[in-house]
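Below: the structure, in structure tokens.
The values are calculated or read from the model by the stated rules, or taken from the named source; none is laboratory data. Quantities reported herein were computed from a predicted structural model and do not represent experimental measurements. No Cβ is skipped: glycine too gets one built from the backbone with ideal geometry, and neighbour counts run over all protein chains shown. Note: accessible area is taken over every heavy atom of the protein model, side chains too, but ligands, DNA and RNA are not part of it. Shrake-Rupley method; radii C 1.70, N 1.55, O 1.52, S 1.80 Å.
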Amino acid sequence: MTSPQHATDEFTGVLLVNLGTPEAPTPAAVRRYLAEFLSDPRVVELPRAVWLPLLYGVILPFRSPRSARAYASIWTPQGSPLRVFSQQLAEDLDQHLARLGCRVRLALAMRYGAPSIASVLDQWRDAGLRRLLVLPLYPQYSATTSASVFDAVMDQLKTWRWTPELRWINDYYQEPGWIAAVAERIREFRASNGAGQHLLFSFHGLPQRNLIQGDPYFCQCQASARRIATRLGLAEGHWSISFQSRVGKQVWLQPYTETHLADLASKGIKQVDVVCPGFAVDCLETLEEIAERAAEHFLASGGEQLRYVPALNAEASHVQLLGRLIQRHGRGWPGLDTATAELAEPGREQRVAAYRGPQAP
């Protein structure tokens, strides 16, 4: 019997996780992706015996070709926008942390599709992973997103003989740097393109029963929009909130984005700017659903112009705020507990002074 070979170079890993994307804008690739996504019990909370026959027998055959056409309309020469922007964000963040003196391994994984959470963790296990910080790229927490990532991570770790220390970032909708970055993104867009009459914050929707059962997502979306609007100095009536991507016949979080856009047009609002602060990077839901379909719907409803404000993507402000978030949650861990990490956090000196209280002369 041979002894196990334990890695001598132990390390701290930072795992960024986004939703995922098909490998290609084809019906077959989209069907594989949707099958994995929609069979997740966190996403669709129906009895498996009821839901899976419906999914495979009705939904996938009809939805896959339609979704493939939608993906094809936004596909880039480099691939899916979500994958391209997420990878660039991960690379820039890795370099940013290195410049600050952090000694960690950072990787991107997808909850559905490739690279999978399991594949990244298995590579790290064999290389000496001893501490793991997980950052789902969802500013607002939901059981359908962040908790699903937690499930996937734990499903993998529970098969390991030697598990790493684990830390988790649930959400960052209250992070001052995130609020400032989104507000500045909107401000810069309007400075270059002029300001529309109304700013709409469109978030991905959820079934209303999720809210009733205790999911904090709706409340966190409301708080996000209010904080950003306050940062921008927007008066009441010049901004509003809606929820997109509704499917099926059940009641979802309201108001629905398309219905709300039609209401705005009926009230004489001709120019609307739409921002989607629930998405870390641009993807199908922002580029096709909002910038294309919602814009067409707004014009058909009597509006004149709908302009989409791009997501943060790999903007420097996005990289920096995620870096501060990682540094703060990683304090005390080798590779992340650095002097430069502490100095990089805005307002830290003032908060420390307030915490300590008046000092003796």
Checklist entry - Looking at A235, A280, A265, A311, which is the one that is in a loop (DSSP other than H, G, I, E, B), among the aliphatic types (A, V, I, L, M) and in contact with a helix residue (DSSP H, G or I) (Cβ under 7 Å, 6 or more places away or on another chain)? => result A311
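Return the only residue of L206, L287, L299 being under 26 Å from I74 (Cα atoms), touching a strand residue (DSSP E or B) at 6+ places or on another chain (Cβ under 9 Å), without any contact (Cβ under 8 Å) to a residue 12 or more places away in the chain and open to solvent by 10 Å² or more (accessible area, probe 1.4 Å). Let's see the steps before the verdict.
Working: L206 fails: without any contact (Cβ under 8 Å) to a residue 12 or more places away in the chain; L287 fails: without any contact (Cβ under 8 Å) to a residue 12 or more places away in the chain.
None of the other options fit; the residue is L299.
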Checklist entry - Just a yes or no: is a residue in segment 215-233 at pLDDT 95 or above, closer than 30 Å to L336 by Cβ, out of contact with any Cys (no Cβ under 8 Å at 6 or more places or on another chain) and of a type in the set (F, W, Y)? => result yes
Checklist outcome for this item: Picking from S3, S39, the residue that is out of contact with any strand residue (DSSP E or B) (no Cβ under 9 Å at 6 or more places or on another chain), modelled with pLDDT under 95 and among the small types (G, A, S) would be S3
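Mind checking which residues of segment 60-80 are open to solvent by 40 Å² or more (accessible area, probe 1.4 Å) and over 18 Å from P115 (Cβ atoms)? Full working, then the answer.
Start the filter on segment 60-80 by keeping residues that are open to solvent by 40 Å² or more (accessible area, probe 1.4 Å), which leaves 61-63, 65-66, 69, 72-73, 75-78.
Hits for segment 60-80 are P61, F62, R63, P65, R66, R69, A72, S73, W75, T76, P77.
Filter the helices (runs of 4 or more DSSP H) completely within segment 25-142 down to those with at least 3 residues that are farther than 30 Å from G214 by Cα and touching a residue at least 12 places away in the same chain (Cβ under 8 Å). If you could, list the steps in order and put the result at the bottom.
On the way: elements: 27-38, 48-54, 60-74, 81-99, 117-127.
Those helices (runs of 4 or more DSSP H) span 27-38, 60-74, 81-99, 117-127.
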Next on the checklist: Filter segment 81-109 down to the residues that are of a type outside the set (A, V, I, L, M, F, W, C) and open to solvent by less than 10 Å² (accessible area, probe 1.4 Å) and list them by number.
Outcome noted: P81, S86
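For segment 130-151, name all the residues that are open to solvent by 10 Å² or more (accessible area, probe 1.4 Å), of a type outside the set (F, W, Y) and under 10 Å from N170 (Cβ atoms). If you could, list the steps in order and put the result at the bottom.
Initially, segment 130-151 is screened for residues open to solvent by 10 Å² or more (accessible area, probe 1.4 Å), giving 130-131, 138, 141, 143-145, 150-151.
Okay, now just the ones that are also of a type outside the set (F, W, Y), so 130-131, 143-145, 151.
Residues satisfying the conditions do not exist here.
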Item to check | Residue under evaluation V50, criteria (1) more than 20 Å from the chain's Cα centre (by Cα); (2) open to solvent by 60 Å² or more (accessible area, probe 1.4 Å); (3) under 18 Å from A114 (Cβ atoms), criterion not met | outcome: (3)
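State all residues of segment 212-231 that are in a helix (DSSP H, G or I) and surrounded by fewer than 16 Cβ atoms within 10 Å (Cβ to Cβ); if no residue qualifies, say none. Give the derivation first.
Here is the first cut: in segment 212-231, the ones in a helix (DSSP H, G or I) are 212, 217-231.
Correct list: I212, C219, Q222, A223, R226, T230.
In segment 155-203, which residue that is more than 30 Å from R331 (Cβ to Cβ) and of a type in the set (G, A, S) is surrounded by the fewest Cβ atoms within 10 Å (Cβ to Cβ)? Lay out the reasoning, then the answer.
First, the residues of segment 155-203 that are more than 30 Å from R331 (Cβ to Cβ): 186-203.
Those left that are additionally of a type in the set (G, A, S): 191-192, 194-196, 202.
Values: A191: 9, S192: 7, G194: 11, A195: 17, G196: 22, S202: 30.
By that ranking, first place goes to S192.
State which residue is nearest to the chain's Cα centre (by Cα) when the search covers only segment 314-332 and only residues that are assigned to a loop (DSSP other than H, G, I, E, B) and surrounded by fewer than 21 Cβ atoms within 10 Å (Cβ to Cβ). Walk me through it before giving the result.
Step one: filter segment 314-332 for residues assigned to a loop (DSSP other than H, G, I, E, B), giving 314-315, 330-332.
Imposing the further condition that a residue be surrounded by fewer than 21 Cβ atoms within 10 Å (Cβ to Cβ) reduces the set to 314-315, 331-332.
Working: A314: 13, E315: 15, R331: 23, G332: 26 Å.
Residue satisfying both the conditions and the ranking: A314.
So which residues in segment 246-280 are among the hydroxyl-bearing types (S, T, Y), within 23 Å of the chain's Cα centre (by Cα) and open to solvent by 20 Å² or more (accessible area, probe 1.4 Å), if there are any at all? Even if it seems obvious, please write down each step before you answer.
Our first condition is that a residue be among the hydroxyl-bearing types (S, T, Y); within segment 246-280, this holds for 256-257, 259, 266.
This time we only want the ones that are within 23 Å of the chain's Cα centre (by Cα), so: 256-257.
The answer is Y256, and nothing else.
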